[in-house]
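Participant: Here it is, the structure in full.
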């Protein structure tokens, strides 16, 4: 077997991914089997294939490296999960304020103490507390060590995987913190955090609001200071992805390096470039994954400097191999994956685009070519992580790249002049103009037609096929006729696949119950792919975590939904309505149905109704308040009955819920919001409640789902939407007992629930 660094790198990545999915035992069996087979083959052939031996060994080493890096041997805190402990360690990051009002820090643990004694540790954990702490402080922390929550639905943000990719496996919340020393002798990371904090301090002394946050994102990589409004604008114009270090900074830094290393002798330029990369990486405290990406870039430069190799795949492979040995969890980091993929694609296609852009100045030419390659060839991979894109992101780099380059060059000098003399007339004017243009550009893009498209989340198979096709076309097809034939065949094939997929969906309606924690969020797809949502998750009185924005909206985006025909709000409680409001703001919606307000409704309910009205007005949706039974009919036979709120003698906010029955031929689903048992008894006498599927009221609370109602509905399946280990202890054991005899489906145990139904009443559960 011909040995190469690229093959070695691919083998080690494969070993890490396989071990992460199936465990070290499976990887060990594969390694042992391969080694035994290799030895038998070598004995039979009476020769030793050194290349193949290296590959097999590399697979085994990478598997062991990953398994060891995630074990309790390395991360001592994993042995103390859900235990009360005392930790001694150092704050190694600046404060980041979370949505619930607490401060989040990176905490380097030195020792762990519990009733069984004290052990030394070298873990990095996430510490949340209401207390403001200084980076570099040596503190003691008392509390319970927790794991990060697992991914709540298939398309929501995976907190556990994110921190795992940064080699962090546990967290602790504590209000019992004491200082050991006032200031700890700072580590490199702590120094970098403090430098980053100082840079932010200078920025916010001379700039305010989102303009300052934009400068901070460019100079330090910190993208957590944007206002909620501006953050949404950045997201839905793909502007935040443009600011993502993996898409922008590396290539701009290369340009800066190209300018400054001209002052260094030629033989030392690679070494100088590596030093610049390492220094900049140390400033990227807000983005651990990216700092490691920069460190990898520095490694590739050092390798080239030491061995004189100019073949980019080899230098990139060296970085990948070293990361596989030293930090294998990095291969789950979005920034790292996009950086490596972007580097290889740029190496393959940049020469062509550089040649086509030769009319531009040389420094700008390479950056523009890199950004063009990213936009064209990294779109499927970006869609896998971000689900959507702005078509204008293909062109915005031509504006943003020179501006960001200008900011990176002149901002240090400008800020120095500001600090020394209080003014920088010329440079300050250029900097202000660049920041102003960058700040205004996403608002301009947002007002353009088709400013954002939900592409949906492509499969890994599709991404690999796409990249293979690109490389085959680029390297193998030479004539114009071949190009025309190949692309025509690709278009026809894609069109046929869409037709086949559509035909397969005809006659099938999909009912999805999205795992949004202790909340409700449902999606209905008609056979003709029209979309209806009923509630959308949100927060509640004991947490500000908005599962609507964090989980429900990404779920819709990952499905590639670009329009919602009907949105229904069962009632005006935060855990039902907040996600609907966020959905309306994010995805064009035709009609919104909500219960009519009464004089008895609380001020809180009126506030949420006002927010809903505002969102509908701004997005152009038609808001309809339901005061009487309403029927909606779709062209493919699906029918929705929206019932008026059940009138009760004794007022209860939960009983303002509007029941909804969705019928598709002989199949039906009944949604009951948060209705209490008394409202259920009244409702069963006012409508035909018989249904195949019951969305159990009020997350399975004790005061809902009475025997009479369940008997009248006689469901085959009962769906309970509730959060894992929620504070209300839903669903209640008595409710589960009453539902005995039906197939109980729970989002806290099963995650997202998908029911594919046909008109004859048959259905499939996924």
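The values are calculated or read from the model by the stated rules, or taken from the named source; none is laboratory data. Since the structure is predicted, the reported quantities are computational estimates derived from the model, not experimental observations. Note: ideal-geometry Cβ built from the backbone for every residue, glycine included; neighbour counts use all protein chains shown.
To keep it simple, each residue is scored yes or no on (1) assigned by TED's automatic domain parsing to the domain that holds residue 628; (2) more than 27 Å from residue 604 (Cα to Cα); (3) at pLDDT 95 or above; (4) over 20 Å from the mean Cα position of the chain (by Cα).
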position	(1), (2), (3), (4)
485	no, yes, no, yes
493	no, yes, no, yes
515	yes, no, no, no
523	yes, no, yes, yes
527	yes, yes, no, yes
559	yes, yes, no, no
567	yes, no, yes, yes
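Participant: Any chance segment 413-425 includes a residue that's without any contact (Cβ under 8 Å) to a residue 60 or more places away in the chain, touching a helix residue (DSSP H, G or I) at 6+ places or on another chain (Cβ under 6 Å), in the same structural domain as residue 232 (by TED's automatic domain parsing) and surrounded by 14 or more Cβ atoms within 10 Å (Cβ to Cβ)?
Facilitator: Checking segment 413-425: at least one residue is without any contact (Cβ under 8 Å) to a residue 60 or more places away in the chain, touching a helix residue (DSSP H, G or I) at 6+ places or on another chain (Cβ under 6 Å), in the same structural domain as residue 232 (by TED's automatic domain parsing) and surrounded by 14 or more Cβ atoms within 10 Å (Cβ to Cβ).
Participant: Can you say whether residue 206 is in contact with a strand residue (DSSP E or B) (Cβ under 7 Å, 6 or more places away or on another chain) and at pLDDT 70 or above, as far as the supplied structure shows?
Facilitator: On the way: in contact with a strand residue (DSSP E or B) (Cβ under 7 Å, 6 or more places away or on another chain): no; at pLDDT 70 or above: yes.
Considered against the rule, which asks whether it is in contact with a strand residue (DSSP E or B) (Cβ under 7 Å, 6 or more places away or on another chain) and at pLDDT 70 or above, residue 206 comes out as no.
Participant: The conditions are (1) crowded, with 21+ Cβ neighbours inside 10 Å; (2) within 22 Å of residue 517 (Cα to Cα), and residue 748 fails exactly one of them. Which is it?
Facilitator: (1)
Participant: Additional query: Need a quick list: helices (runs of 4 or more DSSP H) entirely within segment 370-451 having at least 3 residues that are touching a strand residue (DSSP E or B) at 6+ places or on another chain (Cβ under 9 Å) and modelled with pLDDT under 80.
Facilitator: Numbers: elements: 379-386, 397-421, 425-446.
Once the helices (runs of 4 or more DSSP H) in segment 370-451 are filtered for at least 3 residues that are touching a strand residue (DSSP E or B) at 6+ places or on another chain (Cβ under 9 Å) and modelled with pLDDT under 80, what remains is 379-386.
Participant: Go through segment 353-367 and give me each residue that's touching a residue at least 24 places away in the same chain (Cβ under 8 Å) and either surrounded by fewer than 18 Cβ atoms within 10 Å (Cβ to Cβ) or within 30 Å of residue 167 (Cα to Cα) (or both). I'd like the intermediate steps shown before the answer.
Facilitator: Of all residues in segment 353-367, those touching a residue at least 24 places away in the same chain (Cβ under 8 Å) come to 363-364, 366-367.
Once the filter is applied, which keeps residues that are touching a residue at least 24 places away in the same chain (Cβ under 8 Å) and either surrounded by fewer than 18 Cβ atoms within 10 Å (Cβ to Cβ) or within 30 Å of residue 167 (Cα to Cα) (or both), segment 353-367 yields 363, 364.
Participant: Identify, by number, the condition in (1) touching a residue at least 12 places away in the same chain (Cβ under 8 Å); (2) in contact with a helix residue (DSSP H, G or I) (Cβ under 9 Å, 6 or more places away or on another chain) that residue 760 doesn't meet.
Facilitator: Every listed condition holds for residue 760 apart from (2).
Participant: Mind telling me which of the residues 87, 52 ends up being assigned by TED's automatic domain parsing to the domain that holds residue 144 and touching a residue at least 40 places away in the same chain (Cβ under 8 Å)?
Facilitator: Working: 52 fails: assigned by TED's automatic domain parsing to the domain that holds residue 144.
Of 87, 52, the one residue that is assigned by TED's automatic domain parsing to the domain that holds residue 144 and touching a residue at least 40 places away in the same chain (Cβ under 8 Å) is 87.
Participant: Suppose the filter is surrounded by fewer than 18 Cβ atoms within 10 Å (Cβ to Cβ), at negative phi and in contact (Cβ under 8 Å) with a residue 40 or more places away in the chain; does residue 399 pass it? Let's see the steps before the verdict.
Facilitator: Numbers: surrounded by fewer than 18 Cβ atoms within 10 Å (Cβ to Cβ): yes; at negative phi: yes; in contact (Cβ under 8 Å) with a residue 40 or more places away in the chain: yes.
Spelling it out, residue 399 is indeed surrounded by fewer than 18 Cβ atoms within 10 Å (Cβ to Cβ), at negative phi and in contact (Cβ under 8 Å) with a residue 40 or more places away in the chain.
Participant: Can you tell me which residue in segment 98-107 is farthest from residue 117 (Cα to Cα), limited to those that are free of Cβ contacts under 8 Å to residues at least 40 places away in the same chain and surrounded by fewer than 22 Cβ atoms within 10 Å (Cβ to Cβ)?
Facilitator: That would be 98.
Participant: When both residues are 6+ apart or on different chains and their Cβ atoms are under 7 Å apart, which pairs have a first residue that lies in segment 598-623 and is under 18 Å from residue 645 (Cβ atoms), and a second that is in a loop (DSSP other than H, G, I, E, B)?
Facilitator: Pairs found: 600/651; 605/572; 606/597; 608/572; 609/572; 609/597; 612/569.
Participant: With segment 20-132 as the region, which strands (runs of 3 or more DSSP E) entirely inside it contain at least 3 residues that are closer than 17 Å to residue 175 by Cα and under 30 Å from the mean Cα position of the chain (by Cα)? So that I can check it myself, show each step before the final result.
Facilitator: Numbers: elements: 84-91, 103-114, 117-120, 124-129.
The strands (runs of 3 or more DSSP E) meeting that bar are 84-91, 103-114, 124-129.
Participant: Let me ask something else about it. Is it the case that some residue within segment 616-639 is surrounded by 19 or more Cβ atoms within 10 Å (Cβ to Cβ) and under 23 Å from residue 683 (Cα atoms)?
Facilitator: yes
Participant: Here's something else I'd like to know. Looking at segment 730-757 only, could you name the residues that are at negative phi and over 33 Å from the mean Cα position of the chain (by Cα)?
Facilitator: Just the residues of segment 730-757 that are at negative phi, to begin with: 730-740, 742-750, 752-757.
Across segment 730-757, the qualifying residues are 733, 734, 735, 736, 737, 738, 739, 740, 742.
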